[in-house]
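Just below is one structure, and these are the notes that go with it.
Please treat every number below as a calculation from the coordinates, not as lab data. As the structure is a prediction and not an experimental result, all values here were calculated from the model. Quick reminder, even Gly has a Cβ in these numbers, built from the backbone with ideal geometry, and neighbours come from all protein chains shown.
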Amino acid sequence: MDIQTVWLRTQELWGMLDQHPVLHAGLGLVLLLVVALALGRVARFVILHMAKLLGRQPAMHWIVDLLHNKLFHRLAQMVPSLVIQFGLNLVPELSNASKHFLGNVALAFTILFQVLALGALLNALLDIYARTDHARTRSIKGYVQLAKMILYIFGAIIIVATLIDRSPLLLLSGLGAMSAVILLVYKDTLLSFVASVQLTSNDMLRVGDWIEMPQVGADGDVVDITLHTVKVQNFDKTIVSIPTWRMMSESFKNWRGMQQSGGRRIKRSLFIDASGVRFVRDDEEIKLTQIHLLTDYIGRKQAELKSWNEAQGNVAALSANRRRMTNIGTFRAYALAYLHSHPDIQPDMTCMVRQMQATAQGIPLEIYCFTRTTAWADYERIQGDIFDYLLAVMPEFGLSLYQQPSGMDFRAGWTGNAKSAD
C-alpha cells in the first residue's frame, strides 16, 4: 500500500467524521493535546540541555542556580498550554463557547506556570545572594518570602478571574471590602515583616550570631532568618524557632560585639576566708621578694611605707600607727602581675583584680580581664588554668578559700569530740 493510498483513505475517514461533529471535535482536541504534550517534552529537553551547556561556563555559573530551583522546568511547562491556546482555532466543529472556555483554562495554566517560574527565579536570586559577602550582614530571605507571598496571592486572583471570565479588579475590590479580615488573618505576617525590616536595617541580627533569649529558651547560634521565624541552634543542638516580631518586642543579648572585639571577659571572684587576713611579717617579706612577679611591687611598697612611717615620727613605733603590708593586698598584687604576664590575656583591654564588699561567705577578690580568644573551649581552658593556679598559690600568702562546712566536716568534728570525751 503506497503513501498516496493511505492519504486518500485518511481523508475519506476524516470526511466521514463530518457527520459526527461531537466526535470530530473530540478527536481534534485529543490530537491537539497529544501534540501539545509532545512539544512540551521537546521544549523541556532543548531548554534544559542548552541551560546545562551554558552552566558549564565559569562566567555563567549562576545558571546552575536557575536549574537547581527548576526555573527552566517551569518555563518548559508553559509550552503545552500555549500550544493549546493557539491551536484551538484549528480544531474543527468546536463551538465558540467551548473554545472560549478551554482557552481560559489553558490561559490559567499558563499564568500558573508563569507565577511558579517567577517564584523559582526569586529562590535562585536568593541562593546567588547568599554566596556574597553582604549576605553575612544583611539577610533578604524575609523580603523574598514576602515578595513570593504577594506574587502567589495576585497570581491566584488572576487565575480565578480568568477561569470565571471576570476582571481581576472586581476580585480586588472585594478584597478591599475584606481588608479588616485580611489584616486580622495576616497580623503576624505584617508584624514579622516590620520586625524583619528593623532587624536588618539596624543590623541587630545576622546569621551566625550567638544570641541569648532566656524567655524562649534560646542560647546559641542563629542559623536562619525568615519572614516569620528566626531559627536558633542551641549549644545542645536543639533548634528553637522564635517569631520574628518577638525579636523586636522583647529583649535579647547578641554576643557579636564580643566576638568582633577579639577578647572575651573573665569575671569571677575568689572568696577569701576573712580569718586568714593579717599583716605580712618581716621574714615573709624577705621570702616574698624572691618571687619575680612581686619584686618590683614589694620594693616600691616598702619604700612607700617607710617614707610614710618616718613622716609620722615616734608615734609610728606603735603597731596601730604604722602602715604595713597585708597578705591579701600582696596576693592581690601578685594575681594582677600574674594576669599581665599571662600569654593568653588580652593586654589592650581592662585587666584588674579588685576587692569587693565582704559577705557572709568571705571577702570576694574579683578577677576581671579578657582573653585573647573568643572560642568557647579555649576560653574555658584559659579561665580554668588561671583559677587553678591562683587557688593553688593562695596558701603561700597565708590565705585560704572560704568553704561552707560539709557533712565530712561535721562527722570529723563529732569524731574528735567523742575521742576527747574518752
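Summary of values
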| item | result |
| --- | --- |
| Summed side-chain charge close to T373 - residues other than T373 whose Cβ falls under 11 Å, Lys, Arg +1, Asp, Glu -1 | 0 |
| Cα-centre dipole for the chain with unit charges at Cβ (Lys and Arg positive, Asp and Glu negative), debye to 20 | 400 debye |
| Long pairs among K187/K237; K148/K187; K70/K187; K141/K253; K148/K231, criterion Cα-Cα beyond 26 Å | K187/K237; K70/K187 |
| Estimated FRET transfer efficiency when R0 is 60 angstrom, pair N254-A303 (beta carbons, to 0.05) | 0.80 |
| Residue among R323, R41, R131 with the largest mean-square fluctuation in a Gaussian network model of the chain, springs linking Cα atoms under 10 Å | R323 |
| Zero-based 5 Å bins, Cα pair distances in the stretch 203-259, whole percents | 4, 22, 36, 28, 9, 1 |
| Order of V144, V232 under a 10 Å beta carbon neighbour criterion, fewest first | V144, V232 |
| Among L90, S406, T289 the positive-end extreme of the charge dipole of the chain (Cβ point charges) | L90 |
| Choice from G28, G384, G313 with maximal GNM fluctuation in the chain (Cα, 10 Å cutoff) | G313 |
| Over the stretch 277-422 - Rg/Rh using Cα atoms and the Kirkwood inverse-distance radius | 1.08 |
| Least to most buried among C369, C351 (fewest other Cβ within 10 Å first) | C351, C369 |
| Principal axis dimensions, the chain - Cα atoms, whole angstrom, descending | 139, 56, 51 |
| Net charge over other residues, Cβ less than 13 angstrom from the Cβ of V393 (K, R count +1; D, E count -1) | -2 |
